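Single-structure report; data block below.
Just so it is clear, none of the values below were taken in a lab; they were calculated from the coordinates. This is a predicted model, so every value here is computed, not measured. When we count neighbours, we look across all protein chains shown, and the Cβ atoms used for this are built from the backbone with ideal geometry, even at glycine.
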Amino acid sequence: MGYTYVDLVLRGKVSKNVRALVDTGSAYIVVDSKTISEIGLLQTPFDVELTLADRRKVKAKLYLAEVEAEGRRGPAFVAELDVPTPIMGAHALETLGLKPNPLTGRLEVVGPEGGYLL
């Protein structure tokens, strides 16, 4: 077993390719403030409280972007946090109908693009 990384395209006012660590324990896509500024993401009126792996809690601004991975596109929330490696969280995975396979280190299709409406 190992880590799964994915090449994302994040779109706001412009597009940017980002290599992200897939983290199913994270809710959001997480990128640093420089990346958010470069892409020109739309800021929401929401701040979120995130719990880090060491159990510290931090507040982060929440943005909206279009994300593309493995040829699938959809809307995603992006949290602003100065992290050394961008993170792709569970909400974006669900929206794109993808899941990580820790044995192959790749994403697999498990549902419809855009998610389910039940």
Q. Using modelled amide H (1.01 Å from N, peptide plane; none on Pro or chain starts), what sits under 5 Å from the amide H of S26, excluding residues fewer than 5 places away?
A. A90
Q. Using +1 on the beta carbon of Lys and Arg, -1 on that of Asp and Glu, and nothing else charged, what's the dipole of the chain about the Cα centre, debye to 20?
A. 120
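Under a Cβ-only charge scheme (Lys and Arg +1, Asp and Glu -1), can you give me the dipole magnitude of the stretch 69-118 about the Cα centre, in debye to the nearest 20?
Working: 4 positive and 6 negative charges, 35 e Å.
My answer is approximately 160 debye.
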(Q) Take R19 and L50, extend 7 Å from each Cα along the Cα→Cβ direction, and tell me the distance between the two endpoints in nm. (A) 2.0
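Over the stretch 5-99, what relative contact order in percent results from Cα pairs under 8 Å that are six or more residues apart?
Numbers: 214 pairs, mean separation 34.2, N = 95.
Reported relative contact order: 36 percent.
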Q. Given (1) 12.5; (2) 8.6; (3) 7.6, which label gives mean projected area of the Cα convex hull in nm² as computed from the coordinates?
A. (3)
Q) Roughly what would the spin-label model give for T85 and K57, points 7 Å off Cα along C-beta, in nm? A) 2.8
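What is the Cα convex hull volume of the stretch 17-57 when expressed per residue in Å³?
On the way: hull volume 4.1 nm³, N = 41.
Taking only Cα atoms, the stretch 17-57 has a hull volume of 100 Å³ per residue.
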Q: Quickly estimate the mean residue ellipticity at 222 nm for the chain, helices only: each DSSP H run with n ≥ 4 gives -39500 (n - 2.57), and the total goes over all residues, rounded to 500.
A: -3000 deg cm²/dmol
